[in-house]
Amino acid sequence: MLMPRQAVPGLNLPLHGGGHFDLAEAGEHRFTMLVFYRGLHCPICAKYLKELAGMASQFAERGVRLVAISSDNAERAADMVKRIGDTPLPVAHSLPLQLARDWGLYLSTSRGKTSIGIEEPAVFSEPGIFLVRPDGTLYFAAVQTMPFARPDFADLLGAIDFAIAKDYPARGEYTGAV
């Protein structure tokens, strides 16, 4: 389990359209928000990413760098970008499944074609959202076993506003005896 205020695993993944996303290159951002999604086969993911893309400027105003990540290959990532439309949202792909596991993401096996007629990969990761500080430590995590009932982006913006205004620390850091 990843622990708040502790270092997260490194991430250096190819981006749709070229280049790489490197978590270690946080720059002047307050947070990097990693939005792990299931892949092209997931219609809920496409809707969720489209919503996030529409709010990208609001996150940027708060100093939050965004990236969407899946274990899909480059071709499937390109198809997802086509599905969600022209977007300022960086989309990283080819997440190794062991690295997904290192991040605490749940893995699922294929059940064949989804409701939109796209084949699921043999194994893929389920959704998760992480806010990471520029020093590479975990601030916030939400990991799911299902594609639905994900954190609301407007709620996350409000939480980020509160955290900034109150200099609120990451919580859930206690590891002592209970």
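Quick notes on this structure:
- Overall shape: oblate for region 28-120, with the ratio a/c of the largest to smallest alpha carbon gyration tensor axis at 1.5 or above and b/c at least equal to a/b.
- Region 62-178, Rg to Rh (Cα coordinates; Rh as Kirkwood inverse mean 1/r): 1.00
- Sum of -39500 (n - 2.57) over DSSP H runs of 4+, divided by residues of the chain (222 nm, nearest 500): -8000 deg cm²/dmol
- Accessible surface of the chain [probe 1.4 Å, protein heavy atoms]: carbon and sulfur percent: 54
- Accessible area of the chain divided out per residue, in Å², using a probe of 1.4 angstrom: 51
- HIS29 - accessible surface, heavy atoms, 1.4 Å probe, Å² rounded to 10: 70
- Point-charge dipole on Cβ atoms (K/R +1, D/E -1) for region 1-140, about Cα centre, debye to 20: 320
- In the chain, the longest principal axis of the Cα atoms and the axis of helix 153-166 are about 20 degrees apart.
- DSSP-defined beta bridges in the chain - what % are antiparallel, rounded to 5: 70
- Candidate lysines for bridging to LYS82, where Cα separation is under 23 Å - those fewer than 8 sequence places away on the same chain excluded: LYS47, LYS50, LYS113
- Taken as Cα centroids, region 147-178 and region 2-59 sit 16 Å apart, rounded to the nearest whole angstrom.
- Here the 3J(HN,Hα) profile of region 86-92, calculated from phi with Karplus coefficients 6.51, -1.76 and 1.60 at θ = phi - 60°, is 4, 9, x, 6, x, 10, 8 Hz, Gly and Pro shown as x.
- Counted charge near GLY172, where neighbours are those whose Cβ lies closer than 15 Å (Asp, Glu -1; Lys, Arg +1): +2
- Cβ-defined net charge surrounding ILE84, 11 Å radius [Lys, Arg +1; Asp, Glu -1]: +1
- Heavy atoms of MET3: accessible area, 1.4 Å probe, square angstrom to 10: 40
- Calculated from backbone phi, Karplus (6.51, -1.76, 1.60) coupling profile of region 116-132 in Hz, x at Gly/Pro: 9, x, 10, 5, 6, x, 4, 9, 8, 8, 8, x, x, 10, 9, 9, 10
- Cross-link partners of LYS166 among lysines (Cα-Cα below 19 Å; sequence separation of 8 or more within a chain): none
- Ranked order, TYR168, TYR48 - accessible area, probe 1.4 Å, largest first: TYR168, TYR48
- A simple count of charges around ALA46, restricted to other residues whose Cβ falls under 11 Å of its Cβ and scoring Lys, Arg +1 and Asp, Glu -1, yields +3.
- Projecting the Cα positions of GLY112, PRO169, ALA74 onto the charge dipole of the chain (unit charges on Cβ atoms of Lys, Arg, Asp and Glu, taken about the Cα centre) puts GLY112 furthest along the positive direction.
- By DSSP, the beta bridges lying fully in region 1-100 are antiparallel in about 35 percent of cases.
The values are calculated or read from the model by the stated rules, or taken from the named source; none is laboratory data. Keep in mind it's a predicted model, so treat the numbers as computed, not measured. Positions of Cβ are backbone-derived with ideal geometry, glycine not excepted, and every protein chain shown enters the neighbour counts. Protein only, heavy atoms only, side chains kept; ligands, DNA and RNA dropped before computing areas. Shrake-Rupley method; radii C 1.70, N 1.55, O 1.52, S 1.80 Å.
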